[in-house]
Amino acid sequence: MKFKKMSKKDKIEDVETNVEDPENETPQTEELSVEEQLQQDLDKEKDKFLRLFAEFENYKKRTTKERIDLFKTAGQDVIASLLPVLDDFDRALNEISKSEEKEHLKGVELIRNKFKNTLESKGLEEVAAAVGDVFDADLHEAITQIPAPSDDLKGKIVDVIEKGYKLGDKVIRFPKVVTGS
């Protein structure tokens, strides 16, 4: 076997080609870690954005629903405060119908009907409660309980003291009733 004598220059070149330069490798790993870090940062920002977007969409839906509910019951306080006036009209009609004053009856009846129609146009509805109906605690407010005048009125409404009303789907005043026991 023959050995070739290498010059000093060749030896240095050979060592340089065979030995990996640690400085060359470090920037590649740093670049990879920087890329990975940037990718992780990008993923975090995307996640934050998606969460913020979803939260904003939920906020829009919630405020839209609240606004619709507000419009439905915007005049609830005003209408609820006018219900005693409607009750007074009913009492007045009751009393005037007992007298001979037919012109007064017609006048009060016209005013009451106009007043009631105006309230109904704003969404007011009467809650049905009549003598003989089954008492429902979800729909009626029991003022008192008396012995039933007949067996068929046990657990049922004996008298309606005050009419109930609802505005849209919400009951703003429950009918006040007397029940039989």
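A single member of 42, 83 is touching a helix residue (DSSP H, G or I) at 6+ places or on another chain (Cβ under 9 Å) and part of a helix (DSSP H, G or I), and it is 83.
Which one of 129, 148, 142 is more than 30 Å from residue 71 (Cα to Cα), assigned to a loop (DSSP other than H, G, I, E, B) and not basic (Lys, Arg)? Unique residue meeting the criteria: 148. If only residues of segment 93-107 that are charged (D, E, K, R) and not in a helix (DSSP H, G or I) are counted, the one that is surrounded by the fewest Cβ atoms within 10 Å (Cβ to Cβ) is 100. Filtering 72, 170, 176, 116 for residues that are touching a residue at least 40 places away in the same chain (Cβ under 8 Å) and surrounded by 14 or more Cβ atoms within 10 Å (Cβ to Cβ) leaves a single hit, 72.
All of the numbers you see were taken from the coordinates with simple rules; none came from a lab. None of these values were measured; they are calculated from a predicted model. Ideal geometry is used to build each Cβ from the backbone, glycine not excepted, and the neighbour counts take in all protein chains shown.
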